[in-house]
1. Looking only at residues in segment A:205-234 that are outside any helix (DSSP H, G or I) and basic (Lys, Arg), which one is surrounded by the fewest Cβ atoms within 10 Å (Cβ to Cβ)?
2. Can you tell me which residue in segment A:1-23 is surrounded by the most Cβ atoms within 10 Å (Cβ to Cβ), limited to those that are under 11 Å from residue A:316 (Cα atoms) and among the charged types (D, E, K, R)?
3. Considering A:123, A:119, which residue is at pLDDT 95 or above, touching a Gly at 6+ places or on another chain (Cβ under 6 Å) and closer than 30 Å to residue A:205 by Cα?
4. For a quick check of your reading: which strands (runs of 3 or more DSSP E) sit entirely within segment A:243-329 and have at least 1 residues that are more than 13 Å from the chain's Cα centre (by Cα) and of a type in the set (Asp, Glu)?
5. Could you identify the single residue in A:185, A:155, A:161 that is under 22 Å from residue A:121 (Cα atoms), at pLDDT below 95 and hydroxyl-bearing (Ser, Thr, Tyr)?
6. How many residues are crowded, with 17+ Cβ neighbours inside 10 Å and part of a helix (DSSP H, G or I) if we restrict to segment A:36-48?
7. State which residue pairs qualify: first residue at pLDDT 95 or above and inside segment A:94-109, second residue small (Gly, Ala, Ser) in any location, beta carbons under 6 Å apart, and separation of 6 or more residues or different chains.
8. Can you tell me how many residues in segment A:1-26 are in contact (Cβ under 8 Å) with a residue 60 or more places away in the chain, among the charged types (D, E, K, R) and either part of a helix (DSSP H, G or I) or not assigned by TED's automatic domain parsing to the domain that holds residue A:117 (or both)?
Amino acid sequence: MERYYQQEIECMPHEKIKELQNERLLKQVRHAWENVPYYRAKMQEKNLTPDDIKSQDDLHKLPFLTKDDLRKAYPYGLMGKPVKDCVRIQSTSGTTGQRVVAFYTQHDLHIWETMCARAIVAAGGTNEDVVQVSYGYGLFTGGPGLNGGSHLVGSLTIPASSGNTDRQIMFIKDLSATILCCTPSYAAFIGERMKEMGMTPDDIPLKAGIFGAEAWSESMRQDIQKTMGIKAYDIYGLTELCGPGVSFECSDQHGMHINEDYFIAEIIDPKTGEVLPEGSLGELVFTTLDKEAFPLIRYRTRDICTLTYEPCPCGRTHVRMTKLKGRSDDMLIIRGVNVFPSQIETVLINQGYPANYQIIVDRVNNTDTLDVRVEMTPEMFTDNLGEVNKRQAKLVEGLRSMLGLTAKVTLVAPKTIVRSEGKAVRVIDNRKI
Amino acid sequence: MSVKQISVFLENKPGCLHEMTKVLADAKIDLRGLSLAETSEFGIVRLIVDDVLGTATVLKDAGFVSSLTDVIAVEVLNVPGGLNKVLEILHGEKINIEYMYAILGNKTSETAYMIFRVNDNSKATSALNNSGIKIMEQAEISAL
């Protein structure tokens with residue numbers, strides 16, 4: 001039976017959710033207008049006042065906020081509450097080169113942890129569970145978010161943080177951890193190490209994993225589920241909005257439910273900014289509804305996905321977003337073709353290679369080159385050079401049909417691609433443009 | 001009747017081959033034969049050794065990917081036409097040779113040894129046996 005952390009909210013009829021959103025949106029816009037001069041100026045540029053926003057039907061009139069705004073307003077320019085009311089900051093990992101600092105009041109922390117608690121319960125967590133949080137702790141939101149959510153659920157929480165993989169495995173074994181929270185690439189790494197140590201899924205007490213903070217493919221999910229004998233749930237979030245828990249997967253594992261009592265989600269055309277109809281692939285935009293210290297109106301995430309309001313078998317009514325096709329920051333344009341690392345990952349895993357790979361992009365004689373470095377495995381190796389060449393050619397062909405362009409595949413020795421304990425470094429772009 | 005060959009994946013970069021031979025040297029593995037097939041990016045080293053299990057273990061522990069293959073070790077007379085005679089027999093049976101290489105001969109050098117990787121081990125073995133060609137066993141290779 002499906003379990004919920006807050007059934008009355010998570011399964012609220014959608015019209016009711018909309019009413020709640022409308023009510024909260026007006027308050028949030030007024031809060032930003034009154035307390036965030038930076039955003040007020042943006043509204044004034046468009047000749048808008050809070051009175052022009054009567055419901056979410058007017059949302060499209062409001063100006064966007066982008067990562068660039070966050071950088072310009074750094075550090076305190078988008079704060080909605082005085083320092084005396086704030087209790088915490090968190091910061092982005094700076095994967096994309098721009099550090100973002102977000103602020104929280106006690107109330108903001110509570111709603112964030114509530115969303116993480118919903119995610120843990122959706123993954124089957126109860127107060128009987130032992131939850132190992134192997135996301136980094138500190139400025140990164142992964143550790144603190146899931147830690148707080150796990151406390152709300154009442155689970156025994158192991159604040160392992162990331163790193164020291166053998167110790168992670170020792171804790172999982174010795175304390176019989178049942179739920180693991182970390183990045184998917186670290187989960188794959190832990191799984192690989194367990195396999196090396198001779199552990200089979202039966203020796204691993206885990207039943208579920210909550211993996212997020214980077215885009216990962218469906219095939220990588222299948223791979224992790226098989227190696228560890230668990231159900232692997234995706235969780236999504238951004239530091240700017242709170243951290244992990246903005247949306248999360250339920251037992252159905254078809255898309256992540258966005259916590260619509262706290263956010264309004266839109267999909268826009270990243271080029272024109274125009275709002276796209278349900279089911280379109282585009283850039284995800286969020287408006288916070290109940291944030292005190294860091295209210296963000298129409299914040300452009302640069303993440304590419306689609307939304308669906310179709311009823312979910314789990315009973316939750318909140319809108320679902322698909323697995324990220326990629327961060328638009330991750331998207332590579334190679335010879336004019338859009339390429340997401342997750343597409344390359346899918347091809348590799350489908351052909352039996354590990355999810356450890358590296359993509360090297362360069363420009364030679366004004367032409368982009370794409371080199372996918374893949375580690376050789378005992379399963380894929382044979383004494384016959386022709387056969388190895390054939391398997392390599394099959395990878396090239398698989399990539400060509402997935403991406404629509406020819407990539408070079410380089411087979412490298414095992415363990416030569418650096419393993420990550422946090423977000424994986426998948427792409428090395430050597431192009432000087 | 002066949003012997004075990006160990007094939008090892010190596011990147012085609014300076015130092016890779018040496019890294020492997022060092023692992024074997026440290027484990028006091030005695031090489032009987034070696035052949036290298038390479039592309040511009042990677043290579044496959046095929047080894048015939050005195051201690052198959054020991055070699056497979058130290059290579060795995062050192063992080064190399066390797067595989068075991070059954071190959072045939074054939075005694076070839078160390079005279080003009082010696083190899084040709086063996087190939088004639090295999091050709092007569094329409095056996096395909098995927099690759100072959102020579103390994104160390106014995107001290108008197110009256111005979112040499114060739115390793116054959118063919119598409120049908122048992123057919124090749126019986127054809128050669130019937131023609132009076134000697135096929136080496138694992139223990140004999142280790143004792144060379």
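1. Narrowing segment A:205-234 to residues outside any helix (DSSP H, G or I): A:205-217, A:229-234.
Adding the requirement that they be basic (Lys, Arg) leaves A:207, A:231.
Values: A:207: 17, A:231: 19.
The selected residue is A:207.
2. Step by step, filter segment A:1-23, then rank; the result is A:10.
3. On the way: A:123 fails: touching a Gly at 6+ places or on another chain (Cβ under 6 Å).
Step by step, each of A:123, A:119 is checked, and only A:119 is at pLDDT 95 or above, touching a Gly at 6+ places or on another chain (Cβ under 6 Å) and closer than 30 Å to residue A:205 by Cα.
4. Working: elements: A:243-249, A:256-258, A:263-268, A:282-288, A:299-305.
Those strands (runs of 3 or more DSSP E) span A:263-268, A:282-288.
5. Details: A:185 fails: under 22 Å from residue A:121 (Cα atoms); A:155 fails: at pLDDT below 95.
Every option except A:161 fails the conditions.
6. Of the residues in segment A:36-48, the ones crowded, with 17+ Cβ neighbours inside 10 Å are A:36, A:39, A:42-43, A:48.
Next cut, part of a helix (DSSP H, G or I) only: A:39, A:42-43.
Residues in segment A:36-48 being crowded, with 17+ Cβ neighbours inside 10 Å and part of a helix (DSSP H, G or I): 3 in total.
7. A:103/A:293; A:104/A:293; A:105/A:293; A:108/A:293
8. The qualifying residues number 2.
The values are calculated or read from the model by the stated rules, or taken from the named source; none is laboratory data. Predicted model, so just to flag it, every value in this text is computed and none were measured. Counting neighbours? That spans all protein chains shown, and the Cβs are built from the backbone with ideal geometry, glycine included.
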